[in-house]
Amino acid sequence: MKWWPSVDEERLDALRPGSSGWRRHGLVLSIVFFGLTLLALAAFNLLVALTNLPEGMTTAVVAIAVAEWLIHRRRFFGTGIESALWIGALFAIIFSLPSSGRLESLLVFVAACAIAGFRVRSALFGCAAVVLVLSYIAVKADSAWPAMAFGIAAALVAAVALQREWQRPSTERLIGMVMIVMPVAAEIAWAVAGRGTAPLPFAVLAALLFALGIRGRDRVTLATGALTAGIAAFEARELFRFPLEIKLMAGGAVLIALAVAITRALRGRKTGFVVEPSAVTPYDEAMQILATLPSAHPASAEPATAAAAPEVKSGDDSSFGGAGAGGGY
Amino acid sequence: MISLEREIVRLRDAGAIDPPTAATLIAHERREVVSLYGELRFLTWGGVMLIVSGVGVLVSKHLDKIGPLTIATAIGMASLACYAYSFWRRRAGRSHLADDYILLLAALLASADIGYIESQFHLLGPVWQRHFLILAVLHGVTAYLFDSRLVLSLSIAALAAYIGIERRVEVLFDSGVVFAVRAFVTAAIVAVWRLIQKRRSFQPVFDHAAANLAFWGALSLLAEDDTRLLGCTVGVVFAGLSAWHGWRSGEEAFVIYAWVYGTIAIDVQVCDWLNDDALVFLYLVISTIAAIIGLFVTHARMRKAAA
């Protein structure tokens, strides 16, 4: 009985998707199947709630049984269906428990994410477990520092761990996701606490990530370094007395200048870091198009027969944001 | 960091991949060659979006102090400078990964400037929405001149705004027939535009825009009792067309649209007919499982056909 793909099978699939015989889907399709399966599970849970059966436990037993049948008999692993069944099952049990209102209940969700993540080798669930631990620390501690320190430490440990060679692609995905997400989670925990600015920890982390990324020639670590540097810049915003619009435009100009400078520095190189055009996937472009559109035209548009011309409000409460884009005229 | 060099060597030795391809793949696995192309493009895009956001804040905060004419002129000059740079690069036959985004910045600044001028000076009077049409034409021409799908998407968005499509999720629930008609008209215009234009690289942008606009129109009809059955019928018809297009072109996204939007359209109508909670939940379980199986089977067949 195989509980999950072997190391060799996972590595073969990483090289040639679908070649190991285990059924898995791409990102978009997995998300669609995950959402649909959760919807079906929620409807089933509500249906059971109308009977005399214990809803959470019944849903969990059925969902886990179906998930295991799909994994063992149909060789589903990475389709989005079996992972939704597992996480849905465990959450159904938790939601059926009487609520104590204690903060420690967060740790039950940590356990659910960790168990489901371990069973279906999901980087997303594993990372969610680590984020929930940070959330628990954030609400439990009086200060925002412990949560921020945990987030930064977790990202750094993940970055260092990523330097060694891993056998399973799923393990590397988990470590990579923890490294990317934890600086953001740490920043959110800090911002929610609202205890002033703290650019230094993020700047130090960014520098370490850049160093590790350059040393290991790892794009994910470098991208996380850039993200963390952005967080440090965001945290440093109140240290400068320039108006917000100047900070935004100057930041944008710096980013473009940086991209141009790096491109010039790497131009002509054939080994190491290069700027040779690599394939930009349709998803990359689609994400950029979708993220650009909200900045393009006013969100609120009346039909062409409306009589009055739009007015732009002025002042701090104006909604004319995003270059004429976000504006409520 | 993972290295699949062992597997690549095995495949090369078995004759599954030729030695030059294997050598390139091994170089990537050893990180002898690491391209930062995608990351630098993203960095440039981020820079453009920050500048555009800064311009938006500048306009909103300093309108009284600077004066509308100065703001309009400054944004217009910045936009023209970006357009001029893009034209100069194109004529010189030189390219840089930042070029696409400088053009995008030019287009976004032009959008901001024209919208701002209209809001301040009311040049178009009661037909102020026509500034969207001007933007649609400007961005459309620019997109074809520079072969830019990003700018083309702005053109379609401006066209949709001119017709009155709002980009808020809530409109699906509160707009009903009016929104649906606008969405169908926009989808039809986009579909006709796609048919008469020759640029193959633009076709996916038109296809996705037309499909989503048409489906949003159908879903908005589901919001009102009087039009719910019509919305369900239209949604199912569109789902059929989308599935057929996806199957024919091998584009998975359209099959996903078909199953997801089609299931929503049918579910809303059937749940409206069923008055009993237990029946509604039972139906949702069955219909969602049917959608999962249907999508799964369609996807598997598409992959098989592609192989």
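The values are calculated or read from the model by the stated rules, or taken from the named source; none is laboratory data. What you are looking at is a predicted structure, and each value in this text was computed from that prediction instead of being measured. Because the Cβ atoms are built from the backbone with ideal geometry, glycine has one as well, and the counts that use them run over all protein chains shown.
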Worksheet item: When the residues of the stretch B:286-307 are filtered to those that are more than 9 Å from every other protein chain (Cβ to nearest Cβ) and either among the aromatic types (Phe, Trp, Tyr) or under 26 Å from the mean Cα position of the chain (by Cα) (or both), which remaining residue is farthest from A:Leu29 (Cα to Cα)?
Response: B:Ala306
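Can B:Leu69 be described as closer than 25 Å to A:Arg267 by Cβ and assigned to a helix (DSSP H, G or I)?
Details: closer than 25 Å to A:Arg267 by Cβ: no; assigned to a helix (DSSP H, G or I): yes.
In short, no.
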Worksheet item: Take the residues of the stretch A:181-198 that are surrounded by fewer than 20 Cβ atoms within 10 Å (Cβ to Cβ) and under 15 Å from the mean Cα position of the chain (by Cα): which is farthest from A:Ala223 (Cα to Cα)?
Response: A:Ile188
Item to complete: Give the residues of the stretch B:22-47 that are more than 7 Å from chain A (Cβ to nearest Cβ) and among the polar types (S, T, N, Q), sorted by residue number.
Response: B:Thr24
Worksheet item: How many residues does the stretch A:55-100 hold that are under 21 Å from the mean Cα position of the chain (by Cα), of a type in the set (Val, Ile, Thr) and assigned to a helix (DSSP H, G or I)?
Response: 2
Worksheet item: Restricting attention to the stretch A:13-24, does a residue exist that is at pLDDT below 95, under 26 Å from B:Ala290 (Cα atoms) and in contact with a Ser or Thr (Cβ under 8 Å, 6 or more places away or on another chain)?
Response: yes
Worksheet item: Going by the structure shown, is A:Leu239 crowded, with 22+ Cβ neighbours inside 10 Å and more than 18 Å from A:Leu258 (Cα to Cα)?
Response: no
Worksheet item: So which residues in the stretch B:62-97 are closer than 16 Å to B:Leu109 by Cβ and either touching a residue at least 60 places away in the same chain (Cβ under 8 Å) or among the polar types (S, T, N, Q) (or both), if there are any at all?
Response: B:Thr70, B:Thr73, B:Ser79, B:Ser86
Worksheet, complete the sentence: Among residues of the stretch A:8-39 being more than 8 Å from chain B (Cβ to nearest Cβ) and of a type in the set (S, T, N, Q), the residue surrounded by the fewest Cβ atoms within 10 Å (Cβ to Cβ) is A:Ser19
Worksheet, complete the sentence: So, first residue at positive phi in the stretch B:169-195, second residue at pLDDT below 95 and hydroxyl-bearing (Ser, Thr, Tyr), Cβ within less than 7 Å, six or more apart or across chains; the pairs are B:Gly176/B:Ser220; B:Gly176/B:Thr227
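Of the residues A:Ala153, A:Ala147, A:Ala138, only one is surrounded by fewer than 22 Cβ atoms within 10 Å (Cβ to Cβ) and not in a loop (DSSP other than H, G, I, E, B); which?
Working: A:Ala147 fails: surrounded by fewer than 22 Cβ atoms within 10 Å (Cβ to Cβ); A:Ala138 fails: surrounded by fewer than 22 Cβ atoms within 10 Å (Cβ to Cβ).
From the options A:Ala153, A:Ala147, A:Ala138, the qualifying one is A:Ala153.
Just checking, which of B:Ile51, B:Ile26, B:Ile8 is at pLDDT 90 or above and touching a helix residue (DSSP H, G or I) at 6+ places or on another chain (Cβ under 6 Å)? Spell out the reasoning first.
Details: B:Ile26 fails: at pLDDT 90 or above; B:Ile8 fails: at pLDDT 90 or above.
Answer to the selection: B:Ile51.
A quick yes/no check of all residues on (1) in a helix (DSSP H, G or I); (2) within 20 Å of B:Ile75 (Cα to Cα); (3) at pLDDT below 90:
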{"residue": "B:Gln120", "(1), (2), (3)": "yes, yes, yes"}
{"residue": "B:Leu135", "(1), (2), (3)": "yes, yes, no"}
{"residue": "B:Leu150", "(1), (2), (3)": "yes, no, no"}
{"residue": "B:Leu159", "(1), (2), (3)": "yes, no, no"}
{"residue": "B:Leu172", "(1), (2), (3)": "yes, no, yes"}
{"residue": "B:Ala180", "(1), (2), (3)": "yes, no, no"}
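If only one of B:Ala253, B:Ala223 is outside any helix (DSSP H, G or I), crowded, with 17+ Cβ neighbours inside 10 Å and modelled with pLDDT under 95, which one is it? Walk me through it before giving the result.
Details: B:Ala253 fails: outside any helix (DSSP H, G or I).
The match here is B:Ala223.
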Fill in: Candidate set from the stretch B:35-78 (those that are basic (Lys, Arg) and more than 19 Å from B:Leu150 (Cα to Cα)); member that is surrounded by the fewest Cβ atoms within 10 Å (Cβ to Cβ)
B:Lys65
Discussion item. Whether any residue in the stretch B:274-285 is of a type in the set (D, E, K, R), without any contact (Cβ under 8 Å) to a residue 24 or more places away in the chain and more than 10 Å from every other protein chain (Cβ to nearest Cβ) is what I want to check.
Written reply: no
Discussion item. Looking for something within 26 Å of A:Phe34 (Cβ to Cβ), at pLDDT below 95 and of a type in the set (D, E, K, R) - is there at least one such residue anywhere in the stretch A:59-70?
Written reply: no
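Quick check on the stretch B:98-118. Is at least one of its residues free of Cβ contacts under 8 Å to residues at least 12 places away in the same chain, surrounded by fewer than 22 Cβ atoms within 10 Å (Cβ to Cβ) and not polar (S, T, N, Q)? Steps first, please.
Quick first cut of the stretch B:98-118, residues free of Cβ contacts under 8 Å to residues at least 12 places away in the same chain only: none.
Within the stretch B:98-118, none of the residues are free of Cβ contacts under 8 Å to residues at least 12 places away in the same chain, surrounded by fewer than 22 Cβ atoms within 10 Å (Cβ to Cβ) and not polar (S, T, N, Q).
Within the stretch A:208-298, which helices (runs of 4 or more DSSP H) (wholly inside it) include 1 or more residues that are more than 7 Å from every other protein chain (Cβ to nearest Cβ), at pLDDT 90 or above and more than 30 Å from B:Ala209 (Cα to Cα)? Lay out the reasoning, then the answer.
Working: elements: A:219-235, A:244-266, A:282-292.
Ranges flagged: A:219-235, A:244-266.
Name the residues in the stretch A:101-127 that are assigned to a helix (DSSP H, G or I) and under 20 Å from A:Pro146 (Cβ atoms), would you? Quick ask: steps written out before the conclusion?
First pass over the stretch A:101-127, keeping only residues assigned to a helix (DSSP H, G or I): A:105-120, A:123-127.
Answer for the stretch A:101-127, where residues must be assigned to a helix (DSSP H, G or I) and under 20 Å from A:Pro146 (Cβ atoms): A:Ser105, A:Leu106, A:Leu107, A:Phe109, A:Val110, A:Cys127.
Do we find that B:Ala143 is more than 7 Å from chain A (Cβ to nearest Cβ), closer than 17 Å to B:Ile51 by Cα, among the hydrophobic types (A, V, I, L, M, F, W, C) and within 18 Å of the chain's Cα centre (by Cα) in this structure? It would help to see each step written out before you state the result.
Values: more than 7 Å from chain A (Cβ to nearest Cβ): yes; closer than 17 Å to B:Ile51 by Cα: no; among the hydrophobic types (A, V, I, L, M, F, W, C): yes; within 18 Å of the chain's Cα centre (by Cα): yes.
Against the criterion (more than 7 Å from chain A (Cβ to nearest Cβ), closer than 17 Å to B:Ile51 by Cα, among the hydrophobic types (A, V, I, L, M, F, W, C) and within 18 Å of the chain's Cα centre (by Cα)), B:Ala143 does not qualify.
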Practice prompt. Of the numbered conditions (1) surrounded by 16 or more Cβ atoms within 10 Å (Cβ to Cβ); (2) within 28 Å of the chain's Cα centre (by Cα); (3) assigned to a helix (DSSP H, G or I), B:Ala81 fails exactly one; give the number of that condition.
Written response: (1)
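Could you tell me which of the residues B:Asp99, B:Asp113 is within 17 Å of B:Leu80 (Cα to Cα), modelled with pLDDT under 90 and within 12 Å of chain A (Cβ to nearest Cβ)? Reasoning before the result, please.
On the way: B:Asp113 fails: modelled with pLDDT under 90.
None of the other options fit; the residue is B:Asp99.
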Worksheet item: Residue check: is A:Ala89 surrounded by 22 or more Cβ atoms within 10 Å (Cβ to Cβ), modelled with pLDDT of 95 or more and aliphatic (A, V, I, L, M)?
Response: yes
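Considering every residue within the stretch A:183-191, establish whether at least one is in a helix (DSSP H, G or I) and either free of Cβ contacts under 8 Å to residues at least 40 places away in the same chain or touching a strand residue (DSSP E or B) at 6+ places or on another chain (Cβ under 9 Å) (or both).
Let us first name the residues in the stretch A:183-191 that are in a helix (DSSP H, G or I), namely A:183-191.
Adding the requirement that they be either free of Cβ contacts under 8 Å to residues at least 40 places away in the same chain or touching a strand residue (DSSP E or B) at 6+ places or on another chain (Cβ under 9 Å) (or both) leaves A:188, A:191.
There is at least one residue in the stretch A:183-191 that is in a helix (DSSP H, G or I) and either free of Cβ contacts under 8 Å to residues at least 40 places away in the same chain or touching a strand residue (DSSP E or B) at 6+ places or on another chain (Cβ under 9 Å) (or both).
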